[in-house]
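Notes follow the structure.
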Amino acid sequence: MGRPSVDVQEHPHSANRMYIQMRLSAGVRIARLLVLPVVLSAIACVADGVPRGSEPANHEVAPSVESPLGTAPDRGRPRIVVLGDSLTAGLGLAADQTFPAHLQTMLAVAGQPHEIVNAGVSGDTTAGGLRRLEWSLAGNIHVLIVALGANDGIRGLPVDAMKANLGEIIRSAQSRGALVLLTGMEAPPNMGLAYTEEFRRAFSELAEEHDVAFVPFLLDGVAGRVELNQGDGIHPNPEGAAKIADLLWPTLVSLLDNSAVQ
C-alpha cells in the first residue's frame, strides 16, 4: 500500500518542518492550469451555488462527526480529524470510499491505534471550518489534517482572510496539543495570475510560520484525470480518493512516527 496559540517548541517531536516539496514537472503544471478552471469552478457550483466574493448564509450548521465507516467515534482512542469540504466529505462516494476512510485502513494495516474522523462539509470555506472548529476538535485529538481553501479560491475571497482563518485553525489545534498537517490548494487560473500566486503562497507561508507538516496540493495527481474522477469530472471516485490517501500517507505516518500518542 502506497502509499497543533502554544509554541510548537513544546512539542519536541513536532513536524520539524517536514515539507513534501513536490516539484511538479512543467508538463504537469501546464496540465493543471488547463483543468483547474473547469474542475474548481464546477466544485463551487455543485457545492452550494454561492457566488464569488461572498460567504454562504447560515453555514454554521454542523453535521454529526462520524468515523469513516459511519459508526460513532470512540472518544477514548487518539483521533486524527480531517477538516475539509466536499473533497473530504466524499461527495458521491460511500463513507468507506472517501480518502479519510482509506487513511483509516492504512493506519490499521500499519498497526496504528488512531481513529480517523471525517469532518468534511460540502461547500465549506476556511471561515466555515473555523466556525465549526470547536466541535471538530472534541475528544482525544492527536492530529488535525486541514484540507480547506478550495471554495475560498473559487469564490475569489480575500487571500488575507483565508490565511487568517487557517492560521487560527492551526493555532487552536496546537493549543490543544495536536499536530497539524496542512494541505494546499490551487485557485482557478481565471482569477488572475496575481491572485493565484498569492493564494498558493499563503499555504506554504502558513506551514513555515507555524512549523507544521505540509503537502502543497491536495489533488496532485488526481485533478483533471478522467479515470480518477466521478462522472461529473469534479469529485474523485474511489480510485481518486485512494490516490489522495496515498499522497497524504508519507507525511501523516512521519508525524505519527515522530510523536508520542497522548
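Just so you know, all these numbers are worked out from the coordinates, no wet-lab data involved. Computed from a predicted structure; not experimentally measured. Cβ placement follows ideal geometry from the backbone for every residue including glycine, while neighbour counts extend to all protein chains displayed.
A simple spin-label model places pseudo-atoms 7 Å from Cα toward Cβ; at Ala95 and Glu168 they are separated by 3.1 nm.
Please state the shape class of the range 86-152: rounded when a/c is under 1.5, otherwise prolate if a/b exceeds b/c and oblate if not, all from the C-alpha gyration tensor. Oblate is the answer for the range 86-152, as a/c is 1.5 or above yet b/c matches or exceeds a/b. Using 0.36 nm per residue and subtracting the Cα-Cα separation, the extra length available between Ala161 and Ser254 on full extension is 30.5 nm.
Extension gain, Leu193-Glu208: 0.36 nm per intervening residue step, less the Cα-Cα distance, totals 3.1 nm.
Classification of the range 85-227 by its C-alpha gyration tensor yields an oblate form. The axis ratio a/c (a ≥ b ≥ c) is 1.5 or more, and b/c is at least a/b. With the Cα gyration tensor of the range 160-247 giving a ≥ b ≥ c as the square roots of its eigenvalues, does the rule (a/c under 1.5 for rounded; else a/b larger than b/c for prolate; else oblate) give rounded, prolate or oblate? It is oblate, given that a/c is not under 1.5 and a/b is not larger than b/c. Each of Asp96, Asp220, Asp152 was scored by other Cβ atoms within 10 Å of its Cβ. Arranged with the fewest first, they read Asp96, Asp220, Asp152.
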